[in-house]
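The values are calculated or read from the model by the stated rules, or taken from the named source; none is laboratory data. As the structure is a prediction and not an experimental result, all values here were calculated from the model. Note: ideal-geometry Cβ built from the backbone for every residue, glycine included; neighbour counts use all protein chains shown.
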């Protein structure tokens, strides 16, 4: 699996360099992430900017990484998603479970932000999504922005 690691404070950026993050390489990728968590990593940003294609196994792997870190008191955030990858995560609802940011700086900053007023994960995810995504064109929300 082609990826590199870049420590940033108490977080670790995992930069995936493969264009296809799919079944044949996922077991190696998950084993590497599991080893990072076993070594003490608790804040991971998966930089998927180079990834142009994922499959259903990838989606399962990302959810498993989320659960693994959550079970160890940590968190994972995704950054740099290509449109096709972001669409897959959105269609499957993964973006409601794993926080997604356009750029890694936003993902890193999210680790230090205090929880939202409600203090629950759903509010945090909703806050992350609204901070990083524009409403779809033609939606009521988009029309409201265009009118103002």
Out of region 66-79, which residues are surrounded by fewer than 22 Cβ atoms within 10 Å (Cβ to Cβ) and within 10 Å of the chain's Cα centre (by Cα)? 66, 75
Filtered residues of region 95-113 (kept if assigned to a helix (DSSP H, G or I) and over 9 Å from the mean Cα position of the chain (by Cα)): 96, 104, 105, 106, 108, 109, 110, 111, 112
So residue 84 clears everything in (1) surrounded by 15 or more Cβ atoms within 10 Å (Cβ to Cβ); (2) in contact with a strand residue (DSSP E or B) (Cβ under 9 Å, 6 or more places away or on another chain); (3) in contact (Cβ under 8 Å) with a residue 24 or more places away in the chain; (4) not in a loop (DSSP other than H, G, I, E, B) except one condition, right? Which one? (1)
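When the residues of region 87-113 are narrowed to those that are out of contact with any helix residue (DSSP H, G or I) (no Cβ under 8 Å at 6 or more places or on another chain) and farther than 23 Å from residue 8 by Cβ, which ends up surrounded by the most Cβ atoms within 10 Å (Cβ to Cβ)? First the steps, then the outcome.
So the first thing to find is which residues in region 87-113 are out of contact with any helix residue (DSSP H, G or I) (no Cβ under 8 Å at 6 or more places or on another chain), and the list is 87, 90-91, 93, 103-105, 107-109, 111-113.
Of the ones still in play, those that are also farther than 23 Å from residue 8 by Cβ are 87, 90-91, 93.
Numbers: 87: 11, 90: 15, 91: 10, 93: 10.
Ranking the qualifying residues of region 87-113, first place goes to 90.
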Identify, by number, the condition in (1) part of a helix (DSSP H, G or I); (2) touching a residue at least 24 places away in the same chain (Cβ under 8 Å); (3) surrounded by 13 or more Cβ atoms within 10 Å (Cβ to Cβ) that residue 46 doesn't meet. (1)
Working carefully through the options 58, 52, find the one that is surrounded by 16 or more Cβ atoms within 10 Å (Cβ to Cβ), more than 11 Å from the chain's Cα centre (by Cα) and either at pLDDT 95 or above or under 21 Å from residue 112 (Cβ atoms) (or both). 58
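Kindly indicate the residue of region 23-35 that is crowded, with 17+ Cβ neighbours inside 10 Å and in contact with a helix residue (DSSP H, G or I) (Cβ under 9 Å, 6 or more places away or on another chain) and also farthest from residue 112 (Cα to Cα) among those meeting that condition. Walk me through how you get there before you give the answer.
Here is the first cut: in region 23-35, the ones crowded, with 17+ Cβ neighbours inside 10 Å are 25-26, 29-30, 33.
Narrowing the set further to residues that are in contact with a helix residue (DSSP H, G or I) (Cβ under 9 Å, 6 or more places away or on another chain) leaves 26, 29-30, 33.
On the way: 26: 29, 29: 26, 30: 25, 33: 22 Å.
So the residue we want is 26.
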